[in-house]
Amino acid sequence: MGLLNDKVVMVTGGARGQGRAHAVASAREGADVVVLDIAAQIASVPYPLATTDDLDRTVKELEALDRRAVAVQADVRSDDDMQRAVATALAEFGRVDALIANHGVWGGGLLWELSEQQWDEMIGVNLTGVWKAAKAVVPHMIELGSGSIVVTASVNGLEPGASYGHYAASKHGVIGLAKSLALDLAPHGVRCNIVAPGVIETPMVVNPAALDTFNGGPGGTIETLQVAGSHYHALKGARALPPGSVADAAVWLNSDLATWVTGVVVPVDAGHMLLTGFNHAPVA
């Protein structure tokens, strides 16, 4: 039997990358899936975001697993969009058992040089969007008397990020938000947990801006990312990790195997947080 048989899982940011992996892993374990994505560009994001074609492809992959799936184009920054997404899920499937708040964007820049737009869009998507996604689905879960929320943070929610402090701030905030949700929802039988990925090979990382960051300067490539990943992670053979590694952790957290687990952060980082690190560019 699948770990998520007879459950309905909603995945934000589900058109590609980690989101698609979450949707596919949930379907593989027996769930029907509602996939949300903005499927449009955000001005301050330095790489192309997913498209409606990506969203359609995710649905086709889920249907190929003989699961029911529905796509909703929605912006997590919009209360109306998130309420519409939950209403669609209830109309199609009658319930929502789990939310994977996976959506997120990345960008670089020194904190004192960021524009208000860069800051506001980062915090709006990565932090406020998680709150709005949870806000939309929680009343239904409370009515059910059960439910599971898994929020995607990052190891940068547990440590600072050089030259992308607004991203790190958003992910620190996500962890605080999710732990507080876990505490508030516990009396209602609803759980909330956090996954904290290391470097995952998705379009958020495999783009010129991010590749140059991991390279320490211009000229970053997939090959230099793999080299950087070997230094970033501790486990043998770990480079940039596959999206499915995070999705498998979320499957467990959403399943009955984690019935008594709430408010925890699960790093999926091949041991990155064990490392003491070193200064790549000491200043005399």
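Bear in mind that the values in this text are calculations on the coordinates, not laboratory data. Not measured: the values here are computed from a predicted model. Here the Cβ positions follow ideal geometry from the backbone for every residue, glycine too, while neighbour counts run over all protein chains shown.
Within the stretch 62-72, being surrounded by fewer than 16 Cβ atoms within 10 Å (Cβ to Cβ) and of a type outside the set (A, V, I, L, M) holds for E63, D66, R68.
Listed by position, the strands (runs of 3 or more DSSP E) contained in the stretch 1-83 that have at least 1 residues being among the β-branched types (V, I, T) and closer than 17 Å to V151 by Cα are 8-11, 32-37.
What are the residues in the stretch 137-169 that are crowded, with 19+ Cβ neighbours inside 10 Å, in a helix (DSSP H, G or I) and over 17 Å from the mean Cα position of the chain (by Cα), if any? Matches in the stretch 137-169: V138, M141, G165.
The set of residues from the stretch 84-103 being among the polar types (S, T, N, Q) and in a loop (DSSP other than H, G, I, E, B) comprises just one member, N102. Considering (1) closer than 19 Å to H22 by Cβ; (2) part of a loop (DSSP other than H, G, I, E, B), the lone condition that A281 does not fulfil carries the number (1). None of G244, G229, G176, G217 is assigned to a loop (DSSP other than H, G, I, E, B) and either free of Cβ contacts under 8 Å to residues at least 40 places away in the same chain or in contact with a helix residue (DSSP H, G or I) (Cβ under 8 Å, 6 or more places away or on another chain) (or both) except G217. Taking every residue in the stretch 180-201 that is within 28 Å of L275 (Cβ to Cβ) and pairing it with any residue that is of a type in the set (K, R) and outside any helix (DSSP H, G or I), at least 6 positions away or on another chain, the pairs with Cβ-Cβ distances below 9 Å are A182/R191; V199/R239; E201/R239.
Scanning the stretch 243-284 for residues that are surrounded by fewer than 14 Cβ atoms within 10 Å (Cβ to Cβ), more than 21 Å from G198 (Cα to Cα) and not aromatic (F, W, Y) gives D256, L257, T259, A281, P282, V283, A284. Among the residues examined, A40 qualifies as over 18 Å from A91 (Cβ atoms), surrounded by fewer than 16 Cβ atoms within 10 Å (Cβ to Cβ), under 18 Å from the mean Cα position of the chain (by Cα) and of a type outside the set (S, T, N, Q).
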